[in-house]
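The values are calculated or read from the model by the stated rules, or taken from the named source; none is laboratory data. Computed from a predicted structure; not experimentally measured. Every residue, glycine among them, receives a Cβ derived from its backbone with ideal geometry; neighbour counts consider all protein chains shown.
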Amino acid sequence: MRRAVQFTLNGERVEAQVAPHETLVEVLRDEFGLYGARESCGQGLCGCCTLLVNGTAVSGCLYLATLADGARVETVEAGATLDAVQEAFIERAAFQCGFCTPGFVLMTRQLLAENPDPTEDEIRHYLSGNLCRCAAYPEIIEAVKLAARKLRK
Amino acid sequence: MKRATQPTETSQIGRSVPRLESWLKVTGRAEYVHNLRLPGMLYGKIFRSTVAHGRLKRIDTSAARAMPGVHSVVTGAEVKTVVPDPYYGPAFHDQPVLALDKVRYVGEPVAVVLASDPHVAEEAVHLISAEYEELPAVYDEVEAVSSKAIVHDALKPAGTFPDLKHLKGVKNTNVALDFRLRRGDAAKAMARAERVFEHRFRTQQVMHTPLEPMVSVAESTEDSLTIHTASQSPSFVRIEIARLLGWPENRVRVRVPFVGGGFGAKLYIKLEALVAVLTLLVHRPVKVSLSMEEQFFTITKHASTFRIKSGVARDGRLVARECEVWWNGGAYADIGPRVTQKSGFTAPGPYDVQDVAIDSYAMYTNLPPAGALRGFGIPQLVWAYESHTDMIARELGIDPVEFRRKNLLREGRPQATGTVVRDAAIGKVLERASELIDWGKPFDRGSGAVRRGRGIAIGFKACIANTTSLAAVQVNADGSGTVYVSTVDMGQGSDTAMAQIAAEVLRLPAEAITVVHSDTDVTPFDMATLGSRSLFHTGNAVRLAAEDARAQLEALRKELGLPADCPVADIFKKKYGMRAGSVTGVGNFIPPYTPPDADGQTDNATPFWMVGASAVEVEVDTETGRVRVTRLVNVADVGTPINPRVVETQLSGASIMQLGFTLFEKMLFDGEGQLRNASLAEYKIPGLLDVPGELVNQAVTSEQRTGPFGAKGVGETGTFGVSPAIANAVHDAVGVRITELPLSAEAVFRALHAK
């Protein structure tokens, strides 16, 4: 029942044989050894499994891998060097255990691509679908603001 | 990233070093057991009890075994072929690896399906059926005292703790510890008091919900076992698994990489005994990863009931206090009896009361087990005593801060145990919190439907004793340093703090130090990463180990006749004729402790005191009952901060977590003990929109003289005062008093309407 799915993964053309029930997070983990997107709540509510599909953030634990056929998939592992968002997360100490961090990084990138100068209220609302049990939220807000400043320069 | 190894004169203490693992975490490369896959590995999925209390009559696994792709199905009977007496636990040997004769809560593991494909294993779980002879169940911690429903046929203390020995073999009871403290004569003092106040408070059962759900992997050879586990207590896991199997400790290796949040959930044995038995049965690596839902059936925070009674003299001084606390431990004791005692003795709060009586009961019930959750029982106690304190002050017409000030336990005064309080900045913390919230200054109290109020609360905690930590510090041939500890970095920043402590002694930048993660084959014993003990205990051990390494280097330098300013690399080069060698220093730290007598009295109850206060401003919508915290101030005595930034984020994170436990988190059970909201869809945890607009976190200037460079633990302190501060503010805003957590909109609405 497996079928071939071709997509671009972090800029590289790839192919995988996937079963109909398999999610994109599972395929990235099992076929490509990418662990940055993580299934946590399993219901698309916590954001730990965030991935970008054609530039739009999706919950990778609910997104069936077959739907990625022909798509552009990006994970936190993309890029050889730290970008402004990752630098800002480090500089503002915007994580503790780090398990939710890739999801926050990807959502922040999407936020800043849409809105280069978000207000605090906009940041809170945009990232409200990402949960951090360590509650590094105040530092995350500061990191997003710093990343926005870095990117505007 | 470049890592300097050049010596530095800059102090590494008080430096906000970015976490050493920052790059790994922002790039998604940090190692978690969640990521681990081993060749030939099988996945285990758990079949769980559907009744709260019952004798297990029959399990039918035939359909599951017959399903294509299923490797095997394991029940309690198979477990016994590997471990004849498969009961584990830190305080009682009461918890079976898989249910045997009885089940004691809904969700208890009964059988496991193993398959190469986790989806197959999960589907096969649904093909298993079990029959139970249902028994009467008990859910309430106070009812459990007199209930005819008895959770365990006979009590089985582990033998670790002297105060549990008298419970061995006791039948017909649900009391897993009856801690008692008597100082002076509370009844007599109460009778003499001008006014007497008595209230009853309750807290609800909640769950830690670490975002990396509990996960363990085990692999075995014919005479060795390796367990990779998201655990806060690798040393305990090794000892307990070795005990269960009857193996030498060196045949059991426990590895812990980074842990994706713990908060007390990942302590002692969770999945480790299960995966160990499974791999020994099937001779293949086995992984068990829980879903978020399953975490709720594994470990929780104690619900509690606290009856507190105080006598107050004419001058407003507290002269007597009686505390009776019942802890809902669920079906297995886990560390509940220690919560009952170690937190129990602080139940009268940080107040100077001459005559005190405390009774604190660890109760078995037919609910998921309860253990430690960020505060080890303290938040439940502070909730009660600080609500009570506020109620007394308001009743007496005394300003709540002034009333506390009048009664605070000051430096050099004995606490309820008789232990004299040292290095606890209780007064300072209270004053700073009240300053930061502008206590006593006018503010907009709102009008119409929205009303505002302020509240404050202060709590304190003793650190668990008697516990030990060991550390090794290796100085390499180039002068760089490596720290070996079994402390687990689950997000609290211990790797970075330990590196800073070692670096300070070795006069290196913290970035020149690496910290080897817990591996019981490599890193020395550590009691566990819990109760804010690691910075103090392991930190002291690291300091001693680094000093030992430094002394060895110094001796070597003198022996070789090298000058005092000689670089470390040159010492090794001269000694070995090339770049080679290393020195390893060891540190063994165990602080002094005196066990309490029959009245709970001791001259040394704790290695240090933690002090935390919170002050809040809230808005209450009187039409909906919704409470919104607009300002939250957290102040703590953390001794001398090793890493001020990490300290601040620990206080902040702890307080936001406690905000969830205060306003909305609650495990909801139906009349049959079935949990109704075991998912993040129905059990809401704080998100960005719940964070107060103004959030201030401060550590007061203080020093823990026995701590490493004056420091002490901080992981839990931010939780202490949050709940009662909010309840006190709600009362200040709208005049209703909520005595049971959470302060949900519904609870506040009902109270407003009952007024």
If we keep only residues of region B:210-244 that are assigned to a loop (DSSP other than H, G, I, E, B) and surrounded by fewer than 24 Cβ atoms within 10 Å (Cβ to Cβ), then the residue farthest from the other protein chains (Cβ to nearest Cβ) is B:Asp223
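Select from region B:104-159 the residues that are charged (D, E, K, R) and in a strand (DSSP E or B) and write down the one among them that is nearest to B:Val282 (Cα to Cα). Give the steps one after another, and end with the answer.
Of region B:104-159, the ones charged (D, E, K, R) are B:104, B:108, B:117, B:122-123, B:131, B:133-134, B:140-141, B:143, B:148, B:153, B:156.
Retained after the next criterion (residues that are in a strand (DSSP E or B)): B:131, B:133-134.
On the way: B:Glu131: 26, B:Glu133: 31, B:Glu134: 33 Å.
By that ranking, first place goes to B:Glu131.
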How many residues of region B:316-345 are part of a helix (DSSP H, G or I) and not polar (S, T, N, Q)? The answer is 7
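Give the residue, chosen from B:Gly440, B:Gly448, B:Gly397, that is touching a residue at least 40 places away in the same chain (Cβ under 8 Å), under 20 Å from B:Gly735 (Cα atoms) and not acidic (Asp, Glu). Quick ask: steps written out before the conclusion?
Values: B:Gly448 fails: touching a residue at least 40 places away in the same chain (Cβ under 8 Å); B:Gly397 fails: touching a residue at least 40 places away in the same chain (Cβ under 8 Å).
After ruling out the rest, the residue left standing is B:Gly440.
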Of (1) in contact with a Gly (Cβ under 7 Å, 6 or more places away or on another chain); (2) farther than 17 Å from B:Lys25 by Cβ, A:Thr50 fails just (2)
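Quick check on region A:57-72: of everything there that is farther than 22 Å from A:Phe95 by Cα and away from chain B (no Cβ under 14 Å), which residue is surrounded by the fewest Cβ atoms within 10 Å (Cβ to Cβ)? Reasoning before the result, please.
Our first condition is that a residue be farther than 22 Å from A:Phe95 by Cα; within region A:57-72, this holds for A:62-72.
Next cut, away from chain B (no Cβ under 14 Å) only: A:63, A:66-72.
Values: A:Tyr63: 21, A:Thr66: 19, A:Leu67: 14, A:Ala68: 27, A:Asp69: 14, A:Gly70: 10, A:Ala71: 20, A:Arg72: 15.
Residue satisfying both the conditions and the ranking: A:Gly70.
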| task | With respect to A:Asn54, determine if the residue is within 16 Å of A:Thr8 (Cα to Cα), without any contact (Cβ under 8 Å) to a residue 40 or more places away in the chain and away from every other protein chain (no Cβ under 13 Å). | result | yes
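Condition check ((1) within 9 Å of chain A (Cβ to nearest Cβ); (2) over 30 Å from B:Ile642 (Cβ atoms); (3) among the acidic types (Asp, Glu)) across all residues:
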position: B:Thr10; (1), (2), (3): no, no, no
position: B:Gly14; (1), (2), (3): no, no, no
position: B:Pro18; (1), (2), (3): yes, no, no
position: B:Val26; (1), (2), (3): yes, no, no
position: B:His34; (1), (2), (3): yes, no, no
position: B:Leu42; (1), (2), (3): no, yes, no
position: B:Val51; (1), (2), (3): no, yes, no
position: B:Pro68; (1), (2), (3): no, yes, no
position: B:His71; (1), (2), (3): no, yes, no
Condition test on B:Ile458, is it modelled with pLDDT under 95, under 30 Å from B:Thr389 (Cα atoms) and buried (at least 23 other Cβ atoms within 10 Å of the Cβ)? no
Residues of region A:35-47 being more than 8 Å from every other protein chain (Cβ to nearest Cβ) and either among the hydroxyl-bearing types (Ser, Thr, Tyr) or crowded, with 21+ Cβ neighbours inside 10 Å (or both), in sequence order, are A:Glu39, A:Gly47
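Every residue, every condition in (1) without any contact (Cβ under 8 Å) to a residue 12 or more places away in the chain; (2) of a type in the set (Val, Ile, Thr), yes or no:
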{"residue": "B:Ile128", "(1), (2)": "no, yes"}
{"residue": "B:Leu135", "(1), (2)": "no, no"}
{"residue": "B:Ala149", "(1), (2)": "no, no"}
{"residue": "B:Lys156", "(1), (2)": "no, no"}
{"residue": "B:Gly159", "(1), (2)": "yes, no"}
{"residue": "B:Leu167", "(1), (2)": "no, no"}
{"residue": "B:Lys188", "(1), (2)": "no, no"}
Of the residues in region B:355-401, those that are within 20 Å of B:Ala425 (Cα to Cα) and not in a helix (DSSP H, G or I) come to B:Gly375
**Message:** Condition first: without any contact (Cβ under 8 Å) to a residue 24 or more places away in the chain, at the interface with chain B (Cβ under 10 Å from one of its Cβ atoms), at negative phi and part of a helix (DSSP H, G or I). Can you find one or more residues in region A:80-98 that meet it?
**Reply:** yes
Restricting region B:171-209 to residues that are closer than 26 Å to B:Phe161 by Cβ, part of a loop (DSSP other than H, G, I, E, B) and more than 14 Å from chain A (Cβ to nearest Cβ), the one farthest from the chain's Cα centre (by Cα) turns out to be B:Asn172
Scanning region B:503-518 for residues that are within 24 Å of B:Ile464 (Cβ to Cβ) and more than 14 Å from chain A (Cβ to nearest Cβ), the one surrounded by the most Cβ atoms within 10 Å (Cβ to Cβ) turns out to be B:Ser518
Going through (1) within 14 Å of chain A (Cβ to nearest Cβ); (2) in a loop (DSSP other than H, G, I, E, B) one by one, B:Gln658 fails only at (2)
Filtering region A:99-124 down to residues that are within 7 Å of chain B (Cβ to nearest Cβ) and more than 19 Å from B:Asp489 (Cβ to Cβ) yields A:Val105, A:Arg124
Among (1) more than 10 Å from the chain's Cα centre (by Cα); (2) more than 19 Å from B:His119 (Cα to Cα); (3) part of a loop (DSSP other than H, G, I, E, B); (4) touching a residue at least 60 places away in the same chain (Cβ under 8 Å), A:Gly36 falls short only on (1)
Given the conditions (1) farther than 17 Å from A:Gly36 by Cα; (2) crowded, with 16+ Cβ neighbours inside 10 Å; (3) in contact with a Phe, Trp or Tyr (Cβ under 7 Å, 6 or more places away or on another chain), every one holds for A:Leu112 apart from (3)
Inside region A:57-79, the number of residues satisfying the requirement of being outside any loop (DSSP other than H, G, I, E, B) and either among the hydrophobic types (A, V, I, L, M, F, W, C) or without any contact (Cβ under 8 Å) to a residue 12 or more places away in the chain (or both) is 7
Matching residues in region B:143-152 (surrounded by fewer than 17 Cβ atoms within 10 Å (Cβ to Cβ) and hydrophobic (A, V, I, L, M, F, W, C)) number 1
Q. Going by the conditions given, is B:Arg37 basic (Lys, Arg) and outside any strand (DSSP E or B)?
A. yes
The one condition A:Gly129 fails out of (1) more than 11 Å from chain B (Cβ to nearest Cβ); (2) assigned to a loop (DSSP other than H, G, I, E, B) is (1)
(Q) Checking the structure you have, find out if any residue of region B:84-96 is at pLDDT 95 or above, buried (at least 23 other Cβ atoms within 10 Å of the Cβ) and over 30 Å from B:Asp178 (Cβ atoms). (A) no
Within region B:626-655, restricting to residues that are closer than 19 Å to B:Gly261 by Cβ and among the β-branched types (Val, Ile, Thr), the one that is farthest from the other protein chains (Cβ to nearest Cβ) is B:Val647
So, first residue more than 10 Å from every other protein chain (Cβ to nearest Cβ) in region A:133-149, second residue of a type in the set (Asp, Glu), Cβ within less than 6 Å, six or more apart or across chains; the pairs are A:Ala148/A:Asp117
The lone condition B:Gly671 fails out of (1) touching a residue at least 12 places away in the same chain (Cβ under 8 Å); (2) part of a loop (DSSP other than H, G, I, E, B) is (1)
Exactly one of B:Pro369, B:Pro348 is under 23 Å from the mean Cα position of the chain (by Cα), farther than 23 Å from B:Asp670 by Cα and at pLDDT 95 or above, and that one is B:Pro348
Checked region B:1-39 for anything at pLDDT below 95 and under 28 Å from A:Val85 (Cα atoms); matches are B:Met1, B:Lys2, B:Arg3, B:Ala4
